[in-house]
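K.L.:
I'd like to ask some things about the structure below.
Throughout, read-outs are computed from the coordinates displayed, never taken from laboratory work. This is a predicted model, so every value here is computed, not measured. When we count neighbours, we look across all protein chains shown, and the Cβ atoms used for this are built from the backbone with ideal geometry, even at glycine.
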Amino acid sequence: MAERLAIHGGKALRTAPFPAWPIFGEEEEQALIRALRSGKWGRLAGCEVTAFEQTFAAYHQARHGVAVVNGTVGLRLALMAVGIEAGDEVIVPPYTFLATASAVLEANATPVFADLDLETFNIDPAAVEAAITPRTRAIIPVHLAGLPVDLDAILDIARRHNLVVIEDAAHAHGAEYRGRRVGAIGALGMFSFQSSKNLCSGEGGILLTNDDELAQRVQSIHNCGRVAGGAWYEHHTIGGNYRLSEFQGAILNAQWTRFDEQTNTRDRNGRYLAARLAAIPGIYPQLRGPECTRHSYHLFAFRIVAEEFGMSRDAAIQALIAEGIPSLAGYLIPLYRQPLFVNRAFGPYRGCQAAHPALDYGRTSCPNCETICDRQGAWLEQRLLLGTQADMDDIVAALQKVHAQAAQVGVG
Ligand SMILES: Cc1ncc(COP(=O)(O)O)c(C=O)c1O
């Protein structure tokens, strides 16, 4: 007889909490006081943001890093820097945070959605290729959950069609593709430092690149169109004040002291968890091939296939939560089904409408994305992967318990 589930009044498998996020201590306190007492609270006067940019860029094998107010703005600035114009099309996945696509609208261009690979949750290169038109100028692949996309295939498509690749690495701090850190493998890459991210300062972001000219453009755009050597009130290009503050820089420098070790812990626990969960019928962890030499596991993504697991995704998540394992279904709406896109509520950004008057996102169909959103996708937050191996065993035991009960009584 399978053990009664906590959601049905049984005893919860686990009551101990998982690690909380963010993790902070003396280092952050001292860094904040250092920035405060310096009296230099803006990045142009201080040294915290500049030091962080150099550290973060070098770690990701990039020549340049420009910190910005957040990842959303970072993507828009990247699109501006590479010269995206009204009427241009930019290929994006539909399974990502809104910003990947809304930044394209804000750059006055048109997002075109290409479906995912069901097993990796990442954009499918074949779908990218099929979405290319004479107006396509760029691709924004997202390293979803921290698993690098198939960069060889994406870069090959980009070369053949003369497209720019901007990596959305909001989830992928420290992730590696064939031994190389992601973020500056394409023309530009964006990382987010929003509160939930693996490296965070409340809000913030950074753009990385190995291209000197692009770096200069981003520098200028993020600093009101100023240029090196120019006067303070001399503005050469459209831009704005998108600079990170020294307080955020100080927090990032302090968080950095723990980053590498935390990243290794998540990678180790993620591998272990994926191997153990794969043995449970109907549980499919995000498929990680050998080309991923380090997964940043911003999320531990997996699929729950109800027909094999014995319970629907939504019921299983509720059961897991009751067992003491915080879990969530993740993105529930493919971006093209968001009211924003269905109603084309693009406000003052007229580029997309003007170039594509008949565009109807209601006709977009990405079946794999819909399967994941509607029925199968599930996530664990990165903080859970900062726990011990015994914590990972609890996650496995909880899913085993739910499956055993579901198999016996066919719940949900
Ligand atoms: C995949 C992805 N892209 C872009 C962003 C935008 O970053 P931010 O929240 O820093 O604007 C996020 C963040 O939530 C994200 O998850």
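K.L.:
Please compute the Cα-Cα pair-distance distribution of the stretch 250-300 with 5 Å bins starting at 0, giving whole percents from short to long.
P.N.:
Here the calculated profile for the stretch 250-300 is 4, 19, 24, 20, 13, 9, 6, 3, 1, 0.
K.L.:
Sticking with this one: What 222 nm value per residue comes from the helices of the chain, counting each DSSP H run with n ≥ 4 as -39,500 (n - 2.57) and dividing by all residues, nearest 500 deg cm²/dmol?
P.N.:
Details: 14 runs with 153 residues, N = 412.
One gets -11000 deg cm²/dmol as the mean residue ellipticity at 222 nm.
K.L.:
Now for a different question. Relative to the present Cα-Cα distance, how much length would full extension add between TYR272 and ARG375 at 0.36 nm per residue of separation? Before the final figure, lay out each step's value.
P.N.:
Details: separation 103, 0.36 × 103 = 37.08 nm, distance 2.50 nm.
Gain on extension, TYR272 to ARG375, equals 34.6 nm.
K.L.:
What is the order of VAL149, VAL342, VAL73, fewest Cβ neighbours within 10 Å to most?
P.N.:
Fewest to most other Cβ atoms nearby, the residues stand as VAL342, VAL73, VAL149.
K.L.:
When the chain is modelled as a GNM with alpha-carbon springs shorter than 10 Å, which of GLY362, GLY183, GLY74 fluctuates the most?
P.N.:
GLY362
K.L.:
Less than 17 Å apart at the alpha-carbon level, and either on another chain or at least 8 residues along: which lysines does that give for LYS11?
P.N.:
Partners within reach: LYS401.
K.L.:
If you don't mind, there's one more thing I want to ask. Tally Lys/Arg at +1 and Asp/Glu at -1 over every other residue whose Cβ is under 13 Å from the Cβ of GLU28; what's the total?
P.N.:
Numbers: positive: ARG34, ARG258; negative: GLU26, GLU27, GLU29, GLU48.
Summing Lys and Arg as +1 and Asp and Glu as -1 gives -2.
K.L.:
Taking Cα centroids, how far is the stretch 290-327 from the stretch 142-196 in Å?
P.N.:
Value for the Cα centre distance between the two parts: 24 Å.
K.L.:
Still on this structure: For the chain, modelled as a GNM with alpha-carbon contacts under 10 angstrom, which of GLU370, GLU246, GLU85 fluctuates the most?
P.N.:
Result: GLU85 has the largest fluctuation of those listed.
K.L.:
When 1/r is averaged over all different Cα pairs and the result inverted, which Kirkwood radius in Å belongs to the stretch 22-92? Intermediate results must be reported in sequence, preceding the final value.
P.N.:
Working: mean 1/r = 0.0670 Å⁻¹.
After inverting the mean inverse Cα-Cα distance, the result is 14.9 Å.
K.L.:
Taking Cα pairs under 8 Å and at least six residues apart, what relative contact order does the stretch 273-316 come out at, in percent? Can you show the working numbers first?
P.N.:
Values: 41 pairs, mean separation 17.0, N = 44.
39 percent.
K.L.:
If the reach is capped at under 27 angstrom between alpha carbons, list the lysines near LYS197, excluding any in the same chain fewer than eight residues apart.
P.N.:
In chain and number order, the partners are LYS40.
K.L.:
I need to check one value: relative contact order of the chain, counting alpha carbon pairs closer than 8 Å and at least 6 residues apart, in percent. Mind dumping the intermediate values first?
P.N.:
Values: 869 pairs, mean separation 91.6, N = 412.
Relative CO of the chain lands at 22 percent.
K.L.:
Using a Förster distance of 41 Å, how high is the FRET efficiency between THR237 and ALA12, based on the Cβ-Cβ distance and rounded to 0.05? The partial results should precede the final answer.
P.N.:
Working: r = 57 Å, r/R0 = 1.40.
That gives a FRET efficiency of 0.10.
K.L.:
Which Cys residues of the chain have no other Cys beta carbon under 4.7 Å away?
P.N.:
Within the chain, the cysteines lacking a partner Cβ under 4.7 Å are CYS47, CYS200, CYS224, CYS292, CYS352, CYS373.
K.L.:
Can you list the HN-Hα couplings for the stretch 268-281, worked out from phi with the Karplus curve (6.51, -1.76, 1.60; θ = phi - 60°), rounded to whole Hz and with x for Gly and Pro?
P.N.:
Those phi angles translate into 5, 5, x, 4, 4, 4, 4, 5, 6, 5, 4, 7, 8, x Hz.
K.L.:
Could I ask something else about it? Expressed as an acute angle from 0 to 90° and rounded to the nearest 10, what is the orientation of the C-alpha long axis of helix 313-322 relative to the principal long axis of the chain?
P.N.:
Computed tilt is about 80 degrees.
K.L.:
Right, next: Kindly state, to the nearest 0.05, the FRET efficiency for LEU98 paired with ALA45, given R0 = 45 Å and r defined as their beta-carbon distance.
P.N.:
On the way: r = 34 Å, r/R0 = 0.75.
Computed FRET efficiency for LEU98 and ALA45: 0.85.
K.L.:
Would you kindly state how much longer the chain becomes between ASN264 and LEU332 on full extension, computed as 0.36 nm times their sequence separation minus their alpha carbon distance, in nm to one decimal?
P.N.:
Values: separation 68, 0.36 × 68 = 24.48 nm, distance 2.95 nm.
Length gained, ASN264 through LEU332: 21.5 nm.
K.L.:
For the chain, the longest stretch holding no chymotrypsin sites (Phe, Trp or Tyr not before Pro) located in a DSSP loop with at most 12 other Cβ atoms within 10 Å is which? Show your work: numbers first, answer last.
P.N.:
Values: sites that count: TRP232, TYR233.
It runs 1-231.
K.L.:
Check each of the trypsin sites (Lys or Arg not before Pro) in the stretch 348-412 and keep only those in coil by DSSP with at most 15 other C-beta atoms within 10 angstrom; list them in order.
P.N.:
The qualifying sites are ARG350.
K.L.:
Using only Cα atoms, what Kirkwood radius does the chain have, in angstroms? Could you put the intermediate results ahead of the total?
P.N.:
Details: mean 1/r = 0.0450 Å⁻¹.
So the Kirkwood estimate lands at 22.2 Å.
K.L.:
Please report the antiparallel percentage of DSSP beta bridges with both residues in the chain, rounded to the nearest 5. Please report the intermediate quantities before stating the final value.
P.N.:
On the way: 25 of 38 bridges.
Around 65 percent of the beta bridges assigned by DSSP in the chain are antiparallel ones.
K.L.:
Regarding the stretch 294-412, what whole-number volume in Å³ per residue does the convex hull of its Cα atoms give? Don't jump to the answer; show the numbers that get you there.
P.N.:
On the way: hull volume 18.0 nm³, N = 119.
It comes to 151 Å³ per residue, whole-number rounded.
K.L.:
Go ahead and run the numbers for FRET between ARG63 and VAL342, Cβ-Cβ distance against an R0 of 45 Å, rounding to 0.05. Numbers along the way, then the final one.
P.N.:
Values: r = 41 Å, r/R0 = 0.92.
Once the sixth-power term is evaluated, E becomes 0.60.
K.L.:
To continue, here is another question. What is the helix-to-structure angle for 212-221, meaning the angle in degrees between its Cα long axis and the longest Cα principal axis of the chain, kept from 0 to 90 and rounded to the nearest 10?
P.N.:
Helix 212-221 and the main axis of the chain meet at about 90 degrees.
K.L.:
If each of ARG37 and ILE23 carries a label point 7 Å out from its Cα toward its Cβ, how far apart are those two points in nm?
P.N.:
Label at ARG37, label at ILE23, 2.7 nm between them.
K.L.:
Also, I was wondering about something else. Using Cα springs under 10 Å in a Gaussian network model of the chain, which residue among PRO22, PRO141, PRO357 shows the largest mean-square fluctuation?
P.N.:
Looking only at PRO22, PRO141, PRO357, the largest GNM fluctuation is found for PRO357.
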